[in-house]
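The values are calculated or read from the model by the stated rules, or taken from the named source; none is laboratory data. Computed from a predicted model, the values in this text were never measured in an experiment. Here Cβ is always computed from backbone atoms with ideal geometry, including for glycine, and neighbour counts include all displayed protein chains. Surface areas here come from the heavy atoms of the whole protein model, side chains and all, with no ligands, DNA or RNA. Shrake-Rupley method; radii C 1.70, N 1.55, O 1.52, S 1.80 Å.
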Amino acid sequence: MTCMVAATGGLLFGYDIGISGGVTSMDEFLLKFFPNVYHKEKSMKNGGSQYCKFSDHLLQLFTSSLYVAALVSSFGASITTKALGRKISMLIGGLIFLIGAILNGVAMNLGVLILGRLLLGVGIGYANQSVPVYLSEMAPAKLRGALNVCFQMAVTIGILIANLVNYGTATMKKNGWRVSLVLAAVPAIIMTVGTVFLPDTPNSLIDRGQKEQAKAMLQKIRGTSNVDNEFEDLVIASDLSKQVASPWGNIMQRRYRPQLTVAILIPFFQQLTGINVINFYAPVLFKTLGFGDGAALMTAVITGVVNVVATLVAIFTVDKFGRRGLFLVGGTLMLVCQIAVGSLIGSVFGLDGHGQFSKVLGDVTLAIICVYVAAFAWSWGPLGWLVPSEVFPLEIRSAGQSINVSVNMFFTFVIGQLFLTMLCGMKFGLFFFFGGFVFIMTLYVFFFLPETKGVHIEEITKIWRSHWFWKNYVPAEETRV
Ligand code: BGC
C-alpha cells in the first residue's frame with residue numbers, strides 16, 4: 001500500500017508529459033498564445049513542407065520549460081530528501097505542483113502560462129528525486145523491481161489520463177485547454193494527501209538518528225520481528241555514509257565511476273530513445289502526417305493505452321528475467337521500428353516534405369509506433385528509473401539520484417525544445433538519428449551494465465567487483481568496520 005501511494009507521484013509526472021502535446025494541437029490554445037503557429041499551420045494546409053509546420057521555439061518552450069525547472073529543483077530536492085526525509089520531499093513536490101496547475105488553468109497570458117509550467121517542473125523535480133528512492137528503500141529485495149516499476153506504471157497512467165482528457169476537452173467550444181491544464185491539480189492532491197499518511201523509510205530514519213523508530217518500521221514493513229541482519233546492514237551503511245564529508249565529492253571518486261556512469265548514461269540514453277517525441281508531440285506528429293484533428297488526438301490515446309499495458313509486462317518480468325534481458329529485447333525492437341518509421345515517412349514525404357500519407361500507410365505508421373512504444377515501456381521506460389535508484393550505495397544515493405533526475409530532465413528539455421525544429425531540419429532522418437542512439441545504448445547495456453536483479457540494495461557494490469571492466473575501478477575490499 002505504501003508503495004502504491006508513493007508511486008502516485010508518477011501520476012504527476014505522467015499527466016504533464018501527456019497533456020502538453022494535445023493542448024498544443026488545439027486551435028483555441030494556439031490562437032490565444034501562439035497565433036503565428038496557428039496561421040502558419042492553416043496556410044500550409046494546401047502545400048508547403050509538412051516537416052516544418054509546427055516548428056516554433058516559443059511553442060516548444062511551453063512544453064520544455066517544465067523540465068528545466070525540474071532539473072534545477074532536483075538539486076534542492078536532494079538536500080531536502082537527505083536532511084528532512086523522503087516523505088517531506090514528496091509533500092513539497094505535491095504542493096508546488098498544485099499551485100502550478102492552478103496558475104496554468106487561469107493563465108491570461110504567455111508569462112503566467114510559462115510560470116505555471118515552471119512551478120509544475122519544481123514539483124516534478126521533487127517528486128522524481130524522492131519517490132524512486134523511497135520505493136527502493138521500502139521494498140524487500142525480491143520485490144524491489146516490481147514495486148519500483150509501479151512508479152513508471154503511474155507515469156504511464158498519468159499520460160493516458162492526460163490523452164483521454166485532451167480527447168474530451170478538444171470537443172469543448174471554449175476553454176477546453178484550460179480544463180486540460182487545471183486537471184493536473186487532481187494527481188497533485190492525491191499525492192499530497194496520500195503522502196501525509198506515509199511513513200518515512202527505515203534508511204532515512206536511521207540516517208537522521210532515529211534508530212528505534214527505524215527498527216520498528218523495518219519490522220512493520222517486513223512483517224516479521226526478525227530483521228536484525230537487515231537492520232544491522234542499514235546502520236553500517238548509514239555510518240559509512242556519515243564518514244563522507246560531501247556526497248557530491250564522494251560520487252566523483254574513482255571507486256564510484258561505475259555508478260556515476262549509470263547516473264549519467266542511463267537517463268541520457270532513455271531520452272535519446274526519442275520516446276518523448278511520441279509522448280509530447282504524437283498529435284502534432286500525426287497532424288503532420290495528414291491525420292485530422294480528432295484522429296490525431298486519438299493516436300495519442302492509442303499509444304497511451306499501449307504504454308500502460310506494456311508496462312505491466314515489465315512489472316511481471318523484471319524480477320524474473322532481470323533488467324538486462326528486458327533492456328536488450330526492448331532496444332532491438334525499438335531500433336527496428338525507428339528504421340521502419342523513418343523509411344516510411346521518407347518514402348512519402350521525401351526530402352522536400354511534400355506529399356500525402358494514404359489512410360493505410362498512416363495506420364501502418366501508427367501500428368509500428370505502437371510496437372516501439374511497447375518496447376520502450378517494458379525496457380528503458382521503467383528501467384531508466386529503476387536501475388539508477390538501486391545501484392547507489394547509501395553514501396552517494398541522494399547525490400546519485402539527483403544526477404539521474406537532472407540529466408533525465410535536461411535531455412527531456414532538449415527533446416521537448418528541439419524536436420519540432422529537428423524534424424524541420426533533419427526531416428525523416430531524425431528517426432534514424434534516434435535509432436543510432438538506440439543501437440549504441442543497447443551495446444552499452446550488453447557490455448557495461450551488470451544484472452541487479454535480486455541483489456540486496458546494501459550489497460549492490462559487489463556486482464561491479466565481478467564485472468570484467470568495472471572491477472578495475474572498484475576496490476576489492478569494502479572499508480567496513
Ligand atoms: C520517462 C519519460 C517518458 C515516460 C513515459 C519515463 O520513464 O522518463 O521521459 O515520457 O517514461 O513513456
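Computed quantities for the displayed model
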quantity: D (Stokes-Einstein, µm²/s), Kirkwood Cα radius, the stretch 1-113, 1.567 mPa s at 4 °C; calculated: 79 µm²/s
quantity: Charge dipole of the chain about the Cα centre (unit charges at C-beta), most positive-ward option of Phe97, Asn175, Phe411; calculated: Asn175
quantity: For a label point 7 Å along the Cα-to-beta-carbon line of Gln210, residues of the stretch 77-102 with backbone N under 18 Å; calculated: 79-93
quantity: Electrostatic dipole magnitude of the stretch 323-481 [Cβ: Lys, Arg +1; Asp, Glu -1; Cα centre; debye, to 20]; calculated: 140 debye
quantity: Solvent accessible area, Å² - Cys52, 1.4 Å probe, full protein context; calculated: 30 Å²
quantity: Cα pair distances in the stretch 375-444, grouped into 10 Å bins until the bin that holds the longest one, percent each; calculated: 17, 39, 33, 10, 1
quantity: Reach of Lys40 by Cα under 13 Å, taken over aspartates and glutamates that are not fewer than 8 positions away in the same chain; calculated: Asp27, Asp56
quantity: For the stretch 6-88: accessible area per residue (Å², 1.4 Å); calculated: 31 Å²
quantity: Calculated FRET efficiency for the pair Tyr444/Ser347, C-beta based, R₀ 22 Å, to 0.05; calculated: 0.10
quantity: Overall dimensions of the stretch 198-349 as given by Cα atoms, namely Rg and Dmax in Å; calculated: 23.0, 67
quantity: Accessible surface of the chain [probe 1.4 Å, protein heavy atoms]: carbon and sulfur percent; calculated: 71 percent
quantity: Distance between modelled label sites at Asp228 and Phe75, nm, 7 Å Cα→Cβ extension; calculated: 4.5 nm
quantity: Whole-Hz couplings from phi, Karplus 6.51/-1.76/1.60, listed for the stretch 194-203; x for Gly and Pro; calculated: x, 5, 3, 8, 7, x, 8, 7, x, 4
quantity: Inter-site label distance for Val186 and Asp239 at 7 Å from Cα along Cβ, in nm; calculated: 5.0 nm
quantity: Volume of the Cα convex hull of the stretch 66-145, divided per residue and given in Å³; calculated: 83 Å³
quantity: Separation of the Met252 and Asn36 label points, Cα + 7 Å toward Cβ, nm; calculated: 4.1 nm
quantity: Cross-link table Lys287/Lys359; Lys32/Lys174; Lys32/Lys53; Lys174/Lys359; Lys215/Lys320; Lys220/Lys242, entries beyond 23 Å C-alpha to C-alpha; calculated: Lys174/Lys359; Lys215/Lys320; Lys220/Lys242
quantity: Using θ = phi - 60° and Karplus 6.51 cos²θ - 1.76 cosθ + 1.60, couplings along the stretch 7-20 (whole Hz; Gly, Pro as x); calculated: 5, 5, x, x, 4, 4, 5, x, 4, 6, 4, x, 7, 5
quantity: Residue-normalised accessible area of the stretch 165-219, given per residue in Å² at a 1.4 Å probe; calculated: 46 Å²
quantity: Within the chain: Cβ-based charge dipole about Cα centre, in debye rounded to nearest 20 (Lys, Arg +1; Asp, Glu -1); calculated: 360 debye
quantity: Extension reserve of the Lys142-Phe469 stretch, reckoned as 0.36 nm per residue once the Cα distance is removed; calculated: 115.1 nm
quantity: Backbone HN-Hα couplings from phi across the stretch 317-334 [Karplus 6.51/-1.76/1.60, Hz, Gly and Pro as x]; calculated: 10, 5, 8, 9, 7, x, 6, 5, x, 5, 4, 6, 5, x, x, 4, 5, 4
quantity: The stretch 2-472, Cα convex hull volume normalised per residue, Å³; calculated: 125 Å³
quantity: Packing-based order for 142-148, 432-438, using average beta carbon neighbours within 10 Å, highest first; calculated: 142-148, 432-438
